[in-house]
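K.L.:
I'd like to ask some things about the structure below.
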Amino acid sequence: MHSSLWAPWRMAYISALESQVNAAKASPPAGSPNFLADYWAHPDRDTEQQVIHRDTRGMVLLNRYPYTNGHLLVALGEPKPTIDAYTPPDRAHFWRLMELAMDLCQHTFHPQGMNVGLNLGRAAGAGLPEHLHGHVVPRWNGDTNFMSVLGATRMIPDALDRTFDAYRAALPQSLLRTGLLPG
């Protein structure tokens, strides 16, 4: 059974929050951390930063705080908050990188499923709302268990370095399968 609780007075509160966010956007804090921009600016640290693939427009990298083992992030180098803020060719390239990430995930870890998507805006869960990035999360039956539910703890069964090495080893074949060659 589904029920709804109507609270129309909450809209004033939500609107006030939106005004605060817009004011913050007008004058963002100096030195706001954007790890994706930092990773993009330092291709010499790709192994250290676990960037699996980089080309002239974007990158695929391992999420350091994964939901499940093998969780990948995809981002273009130029930070923009939404997909429609990019030019059509850049949008197309972003989705090509997402395809590469899905292929890597599928052929490296053989998950039973995948979550693929974007979190647009802080309210939608974006931890870095000023720099659009996609998530490719491999899933297996039972990968969320009592530890997640009761202990608010995720179980990641493999080390990030081993996961990175497995993805890097699979990269050449994924580039061939997706037709996304370095450039």
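K.L.:
Rounding to the nearest 20 debye, state how big the charge dipole of the range 32-178 is about its Cα centre with +1 on each Lys and Arg Cβ and -1 on each Asp and Glu Cβ.
P.N.:
Value, rounded to 20: 240 debye.
K.L.:
Let me know the whole percent of all Cα-Cα pairs from the range 40-87 that are separated by more than 18 Å. Please list the in-between numbers first.
P.N.:
On the way: 380 of 1128 pairs.
Tail of P(r) above 18 Å: 34 percent of Cα pairs.
K.L.:
Something else now. With point charges of +1 on the Cβ of Lys and Arg and -1 on the Cβ of Asp and Glu, referenced to the Cα centre of the range 32-178, which listed residue (LEU160, SER174, ASN141) lies farthest in the positive direction of the dipole?
P.N.:
Farthest towards the positive end: ASN141.
K.L.:
In the P(r) worked out for the range 32-178, what percent of Cα pairs fall beyond 24 Å? Before the final figure, lay out the partial values.
P.N.:
Working: 3196 of 10731 pairs.
That fraction is 30 percent.
Rule-based calculations on the coordinates, nothing more; no lab input. None of the values given here were measured: they were computed from a predicted structure. No Cβ is skipped: glycine too gets one built from the backbone with ideal geometry, and neighbour counts run over all protein chains shown.
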